[in-house]
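Here's the structure, in structure tokens; my notes come after.
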Amino acid sequence: MILGALVVLAGVVWWLKLEPGPPKVEFAHLQEPIGRSATGEIVVRSTGRPGLRYVEVRLVANGQPTTLHSEEIPASPSVNERHIALNSDLSTTGVVEGPAKLEVVAGTYAWHLLGGERQSVASRDVTIDTTPPRVDLITTQNYMRLGGVALQLFHVTPDATDVTVKVDQYTFQAVRGFFADPTVGLALFAVPQDLTTAARPVLRAVDAAGNATEVELPVSIKGHQFPERQLQIDDAFLQRKVPEILSKSGKPVPADLVQGYLVVNRDVRKESEDRLDVITKNSADVPLWTGVFHRQTNAAPMSAFADRRSYIYKGETIDRQTHLGYDLASLKRAPVEATQAGVVQFAGYLGIYGDTVVIDHGLGIASLYGHLSSIGVKEGQKVQAGEIIGQTGETGLAGGDHLHFSILLRGVQVDPVEWWDPKWIREHLSDQLASLPAAKPATATASAPQPAPAPANGAAAQVADGQAHP
Ligand SMILES: [Zn+2]
């Protein structure tokens, strides 16, 4: 009887105060190699009922431990699982670069019959790299205008895994491998029309350890006054357009067509721009174009890039939006010409743009043709400069037959005027692309057709001006 009670008591004590094994450690997320800022998550769990008493995380490099995290945990309430977010700045700790061990030490409030605290040391071999990529600018000045584009050339060390230009909330991917010197990269970037001349583009190079170098780009940005325009909206237009666009965009058509119009002009417009971001995501790493971009033949501009538009219904302003692109009008159902050589990225219905074609020209540049009445190309198809890709029309949010034409850089709408200007193309793009020997044309892929072969002198081939255009 007494024996039985003792056994039960021992069982209860064992269950309450002892543990079957040491705490378990899990390296849940860990950015490796470990960079200047060590980031990751380590999970420590006690294996029995007694809670965790302390947890320490340290980095041992060259025999020298550096503590990244250390805490004593109160006995009550008992903690059986601890998630430790690693977020340590190693730049001031003097940690040596190279191979190291990440160690976790943990103990619990368990009783131990043989004395001494039970603790576990979990360790993991890691590499420490606290040196960020090195960047040296080649282009020493960029003259650009609000809504326009510039080309920055730079050297970057091969450890960089990602190189971008950041302009406020916008990110433009850089390209490497175009030039014979593999350390030379290029980045086309824009100062989009909704920013100001105070924008400061920054080139950012990041390595596998997350170490980043940021260099402010030398830019001189000229302001631009975008035109203000008023557009009259009447009931006939609402009846003709709102049900079509809403139903084709998978949205209900409300009885109040002015409300429906606002859904089109705000939500469908936003969705169309967001889809363009996705559509233009993958661009060839070489320019597929040669020289200046072609402007639709015999077409009069109805509105220029980035008009600030007010929409007037029965004398009242019901909405304001920025019109991104050019409206060009000629005859009804006029043939639409590809502005430059490239690969069709999209052919179909695209919200406010109606039936639309998007063509990739490489290096993140794409052109868009909206409101078409017919589409004559398929996605993935290669097109030549001036090739007929469809006919103008008034599908989508168009009041009459015209071509909506946009140029996009990495999905961001930019002013087409620069791309139609042979002098701008030559001075801002072609001369720079030809300033260093080009790499041998890379092996072609479906999304990156082979550029024209390089001339014998090794200069970039695809930069001659004023040819190939009807
Ligand atoms: Zn338009």
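List of remarks:
- Looking across the range 207-253, the residues that are part of a loop (DSSP other than H, G, I, E, B) and without any contact (Cβ under 8 Å) to a residue 60 or more places away in the chain come down to Q225, G250, K251, P252, V253.
- Residue count, the range 348-365 (criterion: assigned to a strand (DSSP E or B) and either more than 16 Å from the ligand (Cβ to nearest atom) or over 21 Å from the mean Cα position of the chain (by Cα) (or both)): 10
- When each of G396, G380, G390 is tested for being in a loop (DSSP other than H, G, I, E, B), away from the ligand (no atom under 14 Å from the Cβ) and at pLDDT 95 or above, the lone residue that passes is G380.
- Flag if N298 is in contact (Cβ under 8 Å) with a residue 12 or more places away in the chain, touching an Asp or Glu at 6+ places or on another chain (Cβ under 9 Å) and of a type outside the set (A, V, I, L, M): no
Let's see how each residue does on (1) open to solvent by less than 20 Å² (accessible area, probe 1.4 Å); (2) out of contact with any helix residue (DSSP H, G or I) (no Cβ under 8 Å at 6 or more places or on another chain); (3) of a type in the set (A, V, I, L, M, F, W, C):
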residue	(1), (2), (3)
R204	no, yes, no
A212	no, yes, yes
L217	yes, yes, yes
I221	no, yes, yes
D235	no, no, no
V263	no, no, yes
E271	no, no, no
L276	yes, yes, yes
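- Counted as qualifying within the range 283-330 are the strands (runs of 3 or more DSSP E) with 2 or more residues that are surrounded by fewer than 20 Cβ atoms within 10 Å (Cβ to Cβ), namely 300-303, 307-313, 316-323.
- When each of E418, E427 is tested for being more than 16 Å from the ligand (Cβ to nearest atom), in contact with a helix residue (DSSP H, G or I) (Cβ under 6 Å, 6 or more places away or on another chain) and either assigned to a helix (DSSP H, G or I) or open to solvent by less than 10 Å² (accessible area, probe 1.4 Å) (or both), the lone residue that passes is E418.
- Remark: pairs (first residue in the range 351-364, open to solvent by less than 10 Å² (accessible area, probe 1.4 Å); second residue charged (D, E, K, R) and not in a helix (DSSP H, G or I); Cβ separation under 6 Å; 6+ apart in sequence or on different chains) = G364/R410.
The values are calculated or read from the model by the stated rules, or taken from the named source; none is laboratory data. Treat the numbers as computed from the prediction; the structure is a model and nothing was measured. Note: ideal-geometry Cβ built from the backbone for every residue, glycine included; neighbour counts use all protein chains shown. Protein only, heavy atoms only, side chains kept; ligands, DNA and RNA dropped before computing areas. Shrake-Rupley method; radii C 1.70, N 1.55, O 1.52, S 1.80 Å.
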